[in-house]
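The values are calculated or read from the model by the stated rules, or taken from the named source; none is laboratory data. Every value quoted in this text rests on a predicted model; they were computed, and no experiment measured them. Don't worry about glycine lacking a Cβ; one is built from the backbone with ideal geometry, like all the others, and counts go over all protein chains shown. Accessible surface areas use protein heavy atoms only, side chains included; no ligands, DNA or RNA. Shrake-Rupley method; radii C 1.70, N 1.55, O 1.52, S 1.80 Å.
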Amino acid sequence: MKAKLEFDLPEDEDAFNVASKAMDWALIAWDIEQQCRDWVKYDNHQFKTIEEALQGVRDIINEAMAEKGVRFPV
């Protein structure tokens, strides 16, 4: 079985980027899940407030996005 996706560029550039970077997004989600699991299971964090913990998650997201070269669609 084969499947083709077609995009009218540049109009569909955001949709194209989302489709072509889907595995990168999946890996980012996996990394976030694993880091949160480690923080909970091993209590190896220094967060004192929920705000600090959420900022820690945001930092992971932003670092992973930069590493994978992905961005949020606008």
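Annotation note: chymotrypsin sites (Phe, Trp or Tyr not before Pro) in the stretch 17-56 located in DSSP loop regions with a Cβ neighbour count of at most 14 within 10 Å are PHE47.
Rg then Dmax, both in Å and based on the Cα atoms of the chain: 16.4, 52. Between the helical axis of 50-68 and the longest alpha-carbon principal axis of the chain there is an angle of about 40 degrees. In order along the stretch 23-39, the phi-based Karplus estimate (6.51 cos²θ - 1.76 cosθ + 1.60, θ = phi - 60°) of 3J(HN,Hα) comes to 5, 4, 5, 4, 5, 5, 4, 4, 4, 5, 4, 5, 5, 4, 4, 4, 4 Hz; Gly and Pro are listed as x.
Of the solvent-accessible surface of the chain, computed with a 1.4 Å probe and all protein chains present, 57% belongs to carbon and sulfur.
Note on exposure: VAL40, VAL74 ranked by accessible area (1.4 Å probe, complete protein assembly) read VAL74, VAL40, with the most exposed listed first. For the chain, leaving out every one of the GluC sites (Glu not before Pro) that falls in a DSSP loop and has at most 16 other Cβ atoms within 10 Å, the longest unbroken run is 12-74. Here's how it looks for PHE7: its modeled amide H is under 5 Å from none belonging to a residue 5 or more places away or on a different chain.
If you filter the stretch 24-68 for trypsin sites (Lys or Arg not before Pro), then keep DSSP loop positions with at most 10 other Cβ within 10 Å, what is left? Here the sparse-neighbourhood loop sites are LYS48.
Simple spin-label estimate for MET65 and LYS48 gives 2.8 nm between the two label positions (7 Å along the Cα-to-Cβ direction from each Cα).
Keeping all protein chains in place, calculate the accessible area per residue for the chain (probe 1.4 angstrom), answer in Å². Walk me through the intermediate numbers first.
On the way: 6250 Å² over 74 residues.
Result: 84 Å² per residue.
Length gained on full extension, ARG58 to PHE7: 15.3 nm, using 0.36 nm per residue less the C-alpha separation. Taking all Cα pairs closer than 8 Å and separated by 6 or more residues, the relative contact order of the chain comes to 40 percent. A simple charge model with +1 on the Cβ of Lys and Arg, -1 on the Cβ of Asp and Glu and nothing else charged puts the dipole of the chain at about 300 debye relative to its Cα centre.
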